[in-house]
Structures are given as structure tokens and as C-alpha cells.
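Only one structure is covered here, and it is reproduced in the block below.
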Amino acid sequence: MIPDIHIEDYNYPLPDERIAKYPLPQRDASKLLVYKDGTPRESVFCNLPEYLPEGALMVFNDTKVVPARMHFRRSTGAHIEIFCLEPVFPVEYASCFAATGSCRWKCVIGNSKRWKDDILFYDCPADSALAAMELSASLISRDGQTGVVEFNWKGGEPFSRVLEECGQVPIPPYLNRETEAIDLERYQTLYAHIRGSVAAPTAGLHFTEEVLEAIRAKHIDTQNVCLHVGAGTFLPVKSSNVADHPMHREPFSVSIGLLRKLRDNGCKCIAVGTTSVRTLESLYYAGVSIIEKGEPEDIAQWAPYEREYPYSTEEAIDAIISWLEAKSLPELRLGTRIIIVPGFRFRIVEMMVTNFHQPESTLILLISAFVGGDWKTIYNFALSHGFRFLSYGDSSLLFRNA
């Protein structure tokens, strides 16, 4: 049964001055709130390894933020911002980034009412070297503030290079500032590897090589999943009842090696970031679809709440491993719309590293589900102890409450 949850119950006062507009000079110098057995306490992120159990499995999201925001102009002089969300043709991220000359993306279109279906050109000075690229944008279809846009350019460069030259890192809109040079480095994790996100998995922004080395010194196995974070991460919950809020599909991949390690570890792990949590907890439902239908399917938003499932987590993970082995595939690649709200049964994640999230957001719902409804204790402590909030803010280590 879909839970009856009202988003206004997940509000809290967040003064603008508590939102971190810039990162700290040192990544691991941020504060760390440690929540265990119902009690929060304050530490520093560089001390994180001290709180982690030796020999554990720790999972990171190695997605890489792309400079997905570009500015175009109409022949009339009007400026149009185009924000690439996900590839349409070629449909695979890697193929689309490698495309030369032309590709299509689903995009958010700023100032969209002023785009009258004419061809737009990239907004750069005529004497710029980028002018020779002749980057243009054509509107293929429109759906409110989003649409399918075809990009065309000259010079034989791959689209990944086009974005690097012409795009900006899409920092969160609540920072209320333009992208700056510091964001090119700091709005990206040290271990970012696979291009595709339009927002950073911000829990990972605090990790330094020193912290990672200290984690491995405790014989903690560090592994990666990849979930490309979509623009839906910025969308507020506009409906009072959460049941009416649509979650956007986000593609993810998990290697067969990690699945085997999960199985060997009793299907328990530490997740870095809510994106890793959503990826890992989606695996159970992917396994269920293999058991029942013979094939993995995208995970529906409300799948965890629609019925009781008779399978153990081990059975679900084993089903994925067996399916991948039978297909000679190195990884599971699916999409998830899963929403984690109070009442969710966690099957894999035991501990989570995460930042402090916006009021009335789906991420607050996830935190509440993870700590057994005790999210206000955590957030009141953070507010009263000078913690910095949101993407460039401080961090927390949460132990799951049953």
C-alpha cells in the first residue's frame, strides 16, 4: 500500500545564511554529525574512518558531473539556456558523448516561451575559436519546460568535448550564483569516473585521498556503483500528498563483482550518498523481477510498497548474478524511479554518509525512513551546532534505526 505521507510534516526552518554557498578550502575539514542509537554528536569528516567497522563493505557512486548547461541566442538576440538532462539519440551516454557532428538530448529549456522553433546558435563572440564550431540547437519536440533538442556542430570533435568547451557545471539553483572556477574542481568527487550526472552525489565531495587511505587501512572494501543524477534531484515536492509526486527515472549500473561481494558480505554495506542508497536498495526489486519474469525491469516508484515479497535479499542478489552469468554480462544496467519514504524496508544499507538536505524534499523522506522517523533530532542538532547545509555543506554518518 502506498504510504499516506504529507510533505509539510517534513519541513524545517533553514535560514539562507546556513546554506553553504561555497565549499571549504579543505574537503575533509567539514563537520561530521555522527548519529547512532538515537543520539547525535559532532566530529570532523577527517575522523570518519574511526566510526566505521573494520572489514566492512563501503559503496560509492562514481558518476561524473558533466558541464550540461549551455547558453544560446536567437537571431533576435534573445538568450535561451539549454540544460542537457539525458541522451535521446544515441540513447547510451557513452555513445552520445562520442558522437561527432550531431546528437539529441532531452533538455530543460530556460526562457522557453521565447524560443519559436527557429535554430539557435551558441552564444560566443564572433572572434572566438569556438565560433568555428558553429554549434547550433534545433527544437525537435516540446513538453512544457523540457524538450528534445538536436545539437549540430562542425570540426569533428566528440560531444563530450563540445560540452567541455561550451558548457558550464550546473551547480544547484539554490546557491543563487553563477558557476565559478572553483566549481569545476569542487563540484566533483575525487573518484568521479563515468560521465552522465547533471548534479553531484554530494556526500562524496568530502572525501580526500587521506580519508580513503585510512578507510582502506581498516580493511574496508571500497567499491563503486554508478547512478547518473538527474535534474529531478532539484525538483521540489509540489503536492501535499507524497503519493502524487512523480520520481524521474535515473539510470544505474552495478558490476557483477560488487554483487558477489554483497552476497559474500551478507548483503549488508555502508553507502556513500543517497544515490548509492537508492541504487543498492533497487537491486532487491531487480532480482525479484528476474525471479518472477525471467528478466530485470526498471524499478517502479512504488514497487517496495505495493505488496509483500516472499524472497530473501540473498535470493534476489543471487538471481541477478545468475542472470548476468547466463548472459555473459559484466554488469547490471537498469533504471530506477524508486522513492524511499517512511515505511520502507531497507534490505542492504546499514550505514549511510550523507549531507543535510532541503526541507520538504524526497531526500528528507529517505533520511526519515533510514533513522526510524528520528530525522528532526538530527536536523535540530545540526541547526543548533552551526552545521552548514546542502550541497557544499557539512556531512553526517547515520546508523540505521530499525
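Structure values in brief
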| read-out | value |
| --- | --- |
| Residue within the range 282-296 that is at pLDDT 95 or above, under 30 Å from residue 47 (Cβ atoms) and not aliphatic (A, V, I, L, M) present | no |
| Residues within the range 316-357 that are out of contact with any helix residue (DSSP H, G or I) (no Cβ under 7 Å at 6 or more places or on another chain) and not basic (Lys, Arg), tallied | 8 |
| Residues being of a type outside the set (A, V, I, L, M, F, W, C) and in a helix (DSSP H, G or I) - total across the range 369-402 | 5 |
| Verdict on residue 2 being buried (at least 18 other Cβ atoms within 10 Å of the Cβ) and over 23 Å from residue 191 (Cβ atoms) | no |
| Extreme residue, nearest to the chain's Cα centre (by Cα), among residues of the range 192-217 that are of a type in the set (A, V, I, L, M, F, W, C) and assigned to a helix (DSSP H, G or I) | 203 |
| Qualifying residues in the range 179-198 (those that are of a type in the set (A, V, I, L, M, F, W, C) and surrounded by fewer than 22 Cβ atoms within 10 Å (Cβ to Cβ)) - the one nearest to residue 67 (Cα to Cα) | 184 |
| Restricting the range 307-325 to residues that are of a type in the set (S, T, N, Q) and not in a loop (DSSP other than H, G, I, E, B), the residue that is surrounded by the fewest Cβ atoms within 10 Å (Cβ to Cβ) | 322 |
| Meets criteria (over 30 Å from residue 26 (Cα atoms), of a type outside the set (A, V, I, L, M, F, W, C) and in a helix (DSSP H, G or I)) for residue 106 | no |
| Residues that are within 13 Å of the chain's Cα centre (by Cα) and within 18 Å of residue 367 (Cα to Cα), drawn from the range 230-270 | 232, 233, 234, 235, 247 |
| Number of the exception - residue 335 against (1) closer than 26 Å to residue 246 by Cβ; (2) assigned to a helix (DSSP H, G or I) | (2) |
| Residue within the range 326-340 that is more than 25 Å from the chain's Cα centre (by Cα), among the hydrophobic types (A, V, I, L, M, F, W, C) and either surrounded by 14 or more Cβ atoms within 10 Å (Cβ to Cβ) or at pLDDT 95 or above (or both) present | yes |
| Count of the range 358-388 residues which are among the polar types (S, T, N, Q) and within 21 Å of residue 172 (Cβ to Cβ) | 3 |
| Tally of residues being part of a loop (DSSP other than H, G, I, E, B) and surrounded by 18 or more Cβ atoms within 10 Å (Cβ to Cβ) across the range 145-171 | 5 |
| Tally, over the range 209-239, of residues that are more than 29 Å from residue 68 (Cα to Cα) and surrounded by fewer than 14 Cβ atoms within 10 Å (Cβ to Cβ) | 5 |
| Boolean, residue 142 is in contact with a strand residue (DSSP E or B) (Cβ under 9 Å, 6 or more places away or on another chain), over 14 Å from residue 83 (Cβ atoms) and among the basic types (Lys, Arg) | yes |
| The range 225-244 residues that are within 17 Å of residue 11 (Cα to Cα) and among the charged types (D, E, K, R), paired with ones that are modelled with pLDDT under 95 and in a helix (DSSP H, G or I) (beta carbon under 9 Å, 6 or more apart) | 238/244 |
| Any hit, the range 218-225, residues being part of a strand (DSSP E or B), more than 17 Å from the chain's Cα centre (by Cα) and either farther than 25 Å from residue 361 by Cβ or at pLDDT 90 or above (or both) | yes |
| Residue in the range 338-353 that is in a loop (DSSP other than H, G, I, E, B), touching a Phe, Trp or Tyr at 6+ places or on another chain (Cβ under 6 Å) and either assigned by TED's automatic domain parsing to the domain that holds residue 227 or among the acidic types (Asp, Glu) (or both) present | yes |
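Per-residue answers, yes or no, for (1) more than 24 Å from the chain's Cα centre (by Cα); (2) surrounded by 14 or more Cβ atoms within 10 Å (Cβ to Cβ); (3) not charged (D, E, K, R):
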site	(1), (2), (3)
16	no, no, no
19	no, yes, yes
33	no, yes, yes
38	yes, no, yes
50	yes, no, no
72	yes, yes, yes
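The values are calculated or read from the model by the stated rules, or taken from the named source; none is laboratory data. Here the structure is a predicted model, which means the values were calculated and not measured. Because the Cβ atoms are built from the backbone with ideal geometry, glycine has one as well, and the counts that use them run over all protein chains shown.
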